[in-house]
1. Taking the conditions exactly as written (assigned to a helix (DSSP H, G or I) and under 27 Å from G70 (Cβ atoms)), does L25 satisfy them or not?
2. Checking I54 against (1) open to solvent by 40 Å² or more (accessible area, probe 1.4 Å); (2) modelled with pLDDT under 85; (3) β-branched (V, I, T), which single condition isn't satisfied?
3. Take the residues in segment 1-28 that are of a type in the set (D, E, K, R) and surrounded by 13 or more Cβ atoms within 10 Å (Cβ to Cβ), then tell me which one is nearest to V47 (Cα to Cα).
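The values are calculated or read from the model by the stated rules, or taken from the named source; none is laboratory data. Being a predicted model, the structure only gives us computed values, none of them experimental. Virtual Cβ from ideal backbone geometry, glycine too; neighbours counted across all protein chains shown. Just so you know, the surface numbers come from the protein's heavy atoms only, side chains and all, with ligands and any DNA or RNA stripped out. Shrake-Rupley method; radii C 1.70, N 1.55, O 1.52, S 1.80 Å.
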Amino acid sequence: MSNAKKKCGALATAVVFCLFMGGFLTFIFFAILNCREVLFLLAVYAVGIACAIIGTIVALILRFKEIDSGEEDEARKY
């Protein structure tokens with residue numbers, strides 16, 4: 001399997017996850033605008049989702065570096 005195919009699979013998974021979380025984050029922002037009573041709780045959820053998106057992007061970058069260095073099949077040794 002070529003590196004491009006491996007990268008494409010990791011990228012597709014990360015994009016789907018980020019789009020889903022981005023849609024949920026948008027929903028929370030609209031809820032914050034319309035509902036002032038639970039502002040703190042919604043803000044905590046929004047920060048958590050933003051951190052999940054950032055973490056996914058960081059993990060994707062690290063995965064690309066692993067694929068480029070040839071470490072993608074290293075777990076098969078064990």
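1. Here the answer is no, as L25 does not meet what is asked.
2. All conditions are met except number (2).
3. Within segment 1-28, the match that is nearest to V47 (Cα to Cα) is K7.
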